[in-house]
Ligand SMILES: *Cc1c(COP(=O)(O)O)cnc(C)c1O
C-alpha cells in the first residue's frame, strides 16, 4: 500500500465558494424583481427562434459548469421564452399569474427542502399545511370538520375525489377487490362541459370513461337537472350502479356553474357521492357580488380546486376538501412498518396531526403550503375577495365592449371570469368566420399584443378568455378589442371580396 497517496477529496454539492454563491444569489434576486416589475413592457408572447430551440439538444454535461455561466444560459435561452401567463394581457385557456412574494416563498420552501408531510409528520410544514387548509375551508364556507390535502393541481384532486367516491360508494371492498369485482357497472354523472381531467381520472382508476354519463346543458351551460334525474333512474332500471354526481363550479369553456344546491339534493336523495370540480370557479365564493352562484358548494363530499389559477399562487398547488378525515384515511392510508406512527407526540414520528403524505397519491411532497401561507398572510383574505370580484367585473366590462361593437358578438353568457366572443362580418359564412377567428387568435399571439385562446361553441370557433390575471387593467381590454377589430377587418377584406 502506498501511504503517500493523498486522501481522496470527498464530494459534496455545496458550493466551494459560498461568497461567490451569495453574490450570484443577490444578482438573481435583483433580476427577478426587475423582470417582474417590467413584465408589461415586453410582448405577451414571442416565438423561440430555431437557434434557441436547438440549444436544448446539447449533449449531457459530464463536467462542471460555473454557476454564473449556467445562470447566464438561463437568462439567454430560458427566461425570454415563457408561455407568457404572467403578462397583464394573457388570458388564454385558464392560467394563473403568480406573485413576487410567492416566488420568494418557493425559494424558502426549496431551502428547507422538507419533503413536506411525507412519512414524518412532526415538523412545521405539517402545521402550515393544516393551517392553510383550515383557511381554505373558512374562505369557501366549509364546516370545520372538513378534511383536506394539498395536491399538484385540480387533475390530481379530481382523481382523489373520484377514487374516494369508488371506495366509499361501491358497496364492497373496492380498495382490495378493484373494479373487476363489481357486480354492476359503476356510473358517474357530469355535464358535457366537464373538464377532461374527469374522464381521465376515471380511466386511470380503471373505471373507464364509458362509465361517465355526459349530460346536456341548458342555455346557461349548466347541467340539465331533469336529464340528470332521468339518467340516474334509467341506469338503476338497467341494472347499473349510480355512484357519483360531479358538479362543475366554473367550466373551462364558459365559466358556467352548475346548480350546486340542486345537485347536492339529488345526490343526497339518491344516496350518491357529490364531487365538485371547482378548479378556478370555487373561488367565486370570495366575491361579494357573485358568491351566490356557487351556493351549495359546501355540501360537496369532495371539492377539487386550484390555488395556481384564480388565487394567483405560483405553480403548482391545488387542494381537495373532503367531508370527513375518516374517508381519506379509509381510502388512502397504508402503513407499512417503515411508516409506523410514533408513540404520543414524542420524536419525529409522533404527531397530533394527520399524516398528509399517506392520504393522496404522493408520499414525498414539496412544501407547497408555504407559498399559500405566506401569500394569504401578505395580502389578507379581503384582498383576494376584491381581486376575484375585480376579475369578474372586468370580464363583464369586456363583455360590454363586445356587445357595443358592431363587428363582435358574445358567444355565451358571461357568468364569472370567462368571456367567449367572435368577430363577425356581413355576408361571411360561419365556416369562413371560424377560420377568420382562428387567424385573429394567432395574429394577436404572433404580434405579442395579447394571448387569448379559442374554443368551439354551438359548432362555431370562438375566441375564449379566462381571466385570472391580477395585473390586468380595463385599458388592456380596450386595447384587446381595438386590435381584434382591426385584425378582423384586415383579414375579412379579402375573405368577403
Ligand atoms: C385547469 C382545470 C382542471 C385541471 O386542473 P390542473 O390544475 O391543470 O391539474 C380541472 N378542471 C377545470 C375546470 C380546470 O379549469
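How many residues does the range 445-475 contain that are crowded, with 20+ Cβ neighbours inside 10 Å and under 15 Å from residue 401 (Cβ atoms)?
6
Matching residues to (1) farther than 24 Å from residue 302 by Cβ; (2) more than 16 Å from the ligand (Cβ to nearest atom); (3) touching a residue at least 12 places away in the same chain (Cβ under 8 Å); (4) within 19 Å of the chain's Cα centre (by Cα):
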{"site": "83", "(1), (2), (3), (4)": "yes, no, yes, yes"}
{"site": "88", "(1), (2), (3), (4)": "yes, yes, yes, yes"}
{"site": "127", "(1), (2), (3), (4)": "no, yes, yes, no"}
{"site": "137", "(1), (2), (3), (4)": "no, yes, yes, yes"}
{"site": "155", "(1), (2), (3), (4)": "no, no, yes, yes"}
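Looking at the range 443-489, which of its residues are part of a strand (DSSP E or B) and either in contact (Cβ under 8 Å) with a residue 24 or more places away in the chain or on the phi > 0 side of the Ramachandran plot (or both)? Outline the logic, then answer.
Filtering the range 443-489 for residues part of a strand (DSSP E or B) gives 451, 453-457, 460-466.
Matches in the range 443-489: 451, 453, 455, 457, 460, 461, 462, 463, 464, 465, 466.
Do we have any residue at all in the range 166-183 that's closer than 24 Å to residue 134 by Cβ and either modelled with pLDDT of 95 or more or surrounded by fewer than 20 Cβ atoms within 10 Å (Cβ to Cβ) (or both)? Give the derivation first.
Step one: of the range 166-183, the residues closer than 24 Å to residue 134 by Cβ are 168.
Then drop every residue that is not either modelled with pLDDT of 95 or more or surrounded by fewer than 20 Cβ atoms within 10 Å (Cβ to Cβ) (or both), which leaves 168.
Looking through the range 166-183, at least one residue is closer than 24 Å to residue 134 by Cβ and either modelled with pLDDT of 95 or more or surrounded by fewer than 20 Cβ atoms within 10 Å (Cβ to Cβ) (or both).
Regarding the range 474-482, can at least one residue be identified that is more than 16 Å from the ligand (Cβ to nearest atom) and within 21 Å of the chain's Cα centre (by Cα)?
Going residue by residue through the range 474-482, those that are more than 16 Å from the ligand (Cβ to nearest atom) are 474-482.
Keeping just the survivors that are within 21 Å of the chain's Cα centre (by Cα) gives none.
Scanning the range 474-482 turns up no residue that is more than 16 Å from the ligand (Cβ to nearest atom) and within 21 Å of the chain's Cα centre (by Cα).
What helices (runs of 4 or more DSSP H) lie completely within the range 161-260 and have 2 or more residues being touching a helix residue (DSSP H, G or I) at 6+ places or on another chain (Cβ under 8 Å) and more than 16 Å from the ligand (Cβ to nearest atom)?
Values: elements: 174-177, 197-204, 225-237.
Those helices (runs of 4 or more DSSP H) span 174-177, 225-237.
For residue 184, only one of the following conditions fails: (1) closer than 29 Å to residue 412 by Cα; (2) touching a strand residue (DSSP E or B) at 6+ places or on another chain (Cβ under 9 Å). What is its number?
(1)
Return yes when residue 151 is within 16 Å of the ligand (Cβ to nearest atom) and in contact (Cβ under 8 Å) with a residue 12 or more places away in the chain and no when it is not.
Working: within 16 Å of the ligand (Cβ to nearest atom): yes; in contact (Cβ under 8 Å) with a residue 12 or more places away in the chain: yes.
So residue 151 passes the test.
Looking at residue 105 and the list (1) within 16 Å of the ligand (Cβ to nearest atom); (2) over 17 Å from the mean Cα position of the chain (by Cα), which single condition is not satisfied?
Condition (1) is where residue 105 drops out.
(1) out of contact with any strand residue (DSSP E or B) (no Cβ under 6 Å at 6 or more places or on another chain); (2) crowded, with 24+ Cβ neighbours inside 10 Å; (3) farther than 24 Å from residue 137 by Cα: which one isn't true of residue 256, the others all being true?
It is condition (3) that residue 256 fails.
Given the conditions (1) within 18 Å of residue 401 (Cα to Cα); (2) modelled with pLDDT of 95 or more, which single one is not true for residue 425?
(2)
Could you tell me which residue of the range 200-210 is nearest to the chain's Cα centre (by Cα), considering only residues that are over 14 Å from residue 157 (Cβ atoms) and surrounded by fewer than 20 Cβ atoms within 10 Å (Cβ to Cβ)?
First, pick out the residues of the range 200-210 that are over 14 Å from residue 157 (Cβ atoms): 202-203, 206-210.
So of that shortlist, the ones also surrounded by fewer than 20 Cβ atoms within 10 Å (Cβ to Cβ) come out as 203, 206, 208-210.
Details: 203: 20, 206: 24, 208: 23, 209: 21, 210: 25 Å.
Top of the filtered list is 203.
Could you list, in sequence order, the residues of the range 35-50 that are surrounded by 10 or more Cβ atoms within 10 Å (Cβ to Cβ), free of Cβ contacts under 8 Å to residues at least 24 places away in the same chain and outside any loop (DSSP other than H, G, I, E, B)? Break it down into steps so the answer makes sense when it comes.
Step one: list which residues in the range 35-50 are surrounded by 10 or more Cβ atoms within 10 Å (Cβ to Cβ), which gives 35-37, 39-40, 42-49.
Cutting the leftovers down to free of Cβ contacts under 8 Å to residues at least 24 places away in the same chain gives us 37, 49.
Of everything in the range 35-50, just one residue is surrounded by 10 or more Cβ atoms within 10 Å (Cβ to Cβ), free of Cβ contacts under 8 Å to residues at least 24 places away in the same chain and outside any loop (DSSP other than H, G, I, E, B), namely 37.
The values are calculated or read from the model by the stated rules, or taken from the named source; none is laboratory data. Every value quoted in this text rests on a predicted model; they were computed, and no experiment measured them. Every residue, glycine among them, receives a Cβ derived from its backbone with ideal geometry; neighbour counts consider all protein chains shown.
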